[in-house]
Amino acid sequence: MRTRLVYQAMAALTVALGLTVFAPTGAGAVGVGKTCGGLQGILCDAGLFCEMRTGRCGGADGTGKCAKVPTVCAQTRISISRPVCGCDGKTYGNDCERRMAKVSKKHNGKCKSS
């Protein structure tokens, strides 16, 4: 009798664990231009990052749009000389370098020291 109860308990546990694996999480990854972040923590597909609007740094409920992460930045005279400040407080040489680092933009120009 006791063995039968143990087997039933193990079977119920196995079914419960199996159902949790297949349960929807509600936070699937989304593609380019789709809304990401927010309280739901919506993630972007591979090769993308959640870019917030310029100046919208921080905030757990902030949403952005999924943007492509560049793999190479063109090294033109104009792109090299256009620094931007990332939401991480770091100055990037240009906007492409910031996006390669998967960081949203705080403002154009160098970051101000605090």
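For region 78-98, give me each residue that is at pLDDT 90 or above and among the aliphatic types (A, V, I, L, M). If the condition is that a residue be at pLDDT 90 or above and among the aliphatic types (A, V, I, L, M), then VAL84 is the only one that fits.
Among what's in region 18-77 and is in a helix (DSSP H, G or I) and either more than 25 Å from LYS90 (Cα to Cα) or polar (S, T, N, Q) (or both), pick the residue that is modelled with the highest pLDDT.
Step one: of region 18-77, the residues in a helix (DSSP H, G or I) are 18-22, 77.
Retained after the next criterion (residues that are either more than 25 Å from LYS90 (Cα to Cα) or polar (S, T, N, Q) (or both)): 18-22.
Working: GLY18: 41, LEU19: 34, THR20: 34, VAL21: 34, PHE22: 36.
Checking each candidate, the answer is GLY18.
The values are calculated or read from the model by the stated rules, or taken from the named source; none is laboratory data. In this text the structure is predicted, and so the values were computed from the model without any measurement.
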